[in-house]
Amino acid sequence: MHKLLIAFSLLFYSITSIGQPTTIRIDPATATSGTASQLFEEINYIPLETIKESLFGDIQRLTVTDKYFIIQDDASTILLFDKSGKFHAKISDKKLDIQDFKYLKDENKLLVYLVNSKAVTPEMMELISKNLSELLNLFSKLVSARYYDLDGRALSEPVPDSYISIGIASSIELYPGTIASGAFMADKSFPDSTAYQLNIYKKNQLYKSWFPYNTKNDLFRCGVVNDGGIYKTNKDSIFYYTRPFDYTIYTFTEDTILPVFKFILPLQNTVSESLYSDSTSTKEELGAMLKKNPSWITTLENISVFNDLLLFKTVNNEWGFDQSNSFMFNLKSGSLISISKSTPDKENGYLPFLGDNFYYRNFIARDETCLYSNISSLKMFRAKEETAEKNPIYPPVLENYFKTESRMSNPVIVQLKPKENL
């Protein structure tokens, strides 16, 4: 379970001199909230066609292209639906698990990574836990890759060996054969040596590294909270990066990294400096310290920018679902809005719109203009029944959905276009 996060409101923000990040000062007061139509200019519901070939459970990953929704489900299957929700194609493998996929826009095809998970032994995992570099050896043995066209057909063209990237945690493929990895570990049993939190690999070889840490003593960076994250921007060659106990949002390419936003938090929300200087604590002791200080914000996640809106999520060590953790911050007006606390209204038929498990996953995809979430049919039909007395008006596509589908049908994609002047 993720840790519970707190809501913010803005005191002020200022843009510092050229070459320095934008500084945003925030206070642990409740952020403003709104209704669906107050936050989003458009909210479109797109039911995914439910037939025998297309039936699936949950969306683990969504990629949005000009023509298709490409979905990886929880049963190691890739499904393609057109932008109206009509089923188009399916990709699966009886012998291997689909670990990941990448849409190659310029070539209009999919690069699908498959892994022989049945060959992973406890001994392998023990080796990895003691030596992160062993991941490279493991995946070179267990991972294969295959091209598919967008009709779900495997292509005979071989995938270059250099494209079979190490599929490790907290990683993202910059382009085929080049990945950025934000996975890192430290433990008292590890050697007293230097490693790096963010690494670029080309053709399975280390190319560039940033943010050094000690693998034996810097436990506060590793194994206690999330690793941080790597997120796409609206430019193919630039990515966002966040790391634990650092309230800075960075952008990076394969060659450079720059801080772009820096959050200044009140003392009670800022991790104590003693945590950074302590090289004697065990992971258990560090975990206990964080538990005693649940208001400490440990990580910034789910970074995205739309025009003047900075979207982000905060993580701390509190548990539960009664607080907000996802925000929109307007870089021009200085307003801060809690997305998590926003509610349905008449304009969207009083239907849910933030998505299943939004607390954990936030929005599951974005394109240049919109955010995407997914709602199970169970929740859609339940919401319809619970708001019937409000006499909601649905668009034709939802009228047909509620007439022809059931609680057991495929999920519904929700497309949300944020308003610019919030």
Task: Across Lys109/Lys417; Lys67/Lys90; Lys235/Lys313, pairs whose alpha-carbon gap is larger than 25 Å - done: Lys109/Lys417
TODO: Based on the mean of other Cβ atoms within 10 Å per residue, sort peptides 305-312, 115-122 so the most packed one is first.
DONE: 305-312, 115-122
Open item on the list: I'd like to compare 380-391, 53-64: which one has the highest average count of other Cβ atoms within 10 Å, and what's the full order after that?
Closed with: 53-64, 380-391
Task: Most to least packed among 358-364, 88-94 [average Cβ atoms within 10 Å] - done: 358-364, 88-94
TODO: State the Cα centre-to-centre distance between the stretch 345-422 and the stretch 25-93 in whole Å.
DONE: 10
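Where a number appears in this text, it was derived from the coordinates with a stated rule and is not lab data. Just so it is clear, the model here is predicted, and its values are computed rather than measured. In this analysis, Cβ positions are derived from the backbone assuming ideal geometry, glycine residues included, and neighbour counts consider all displayed protein chains.
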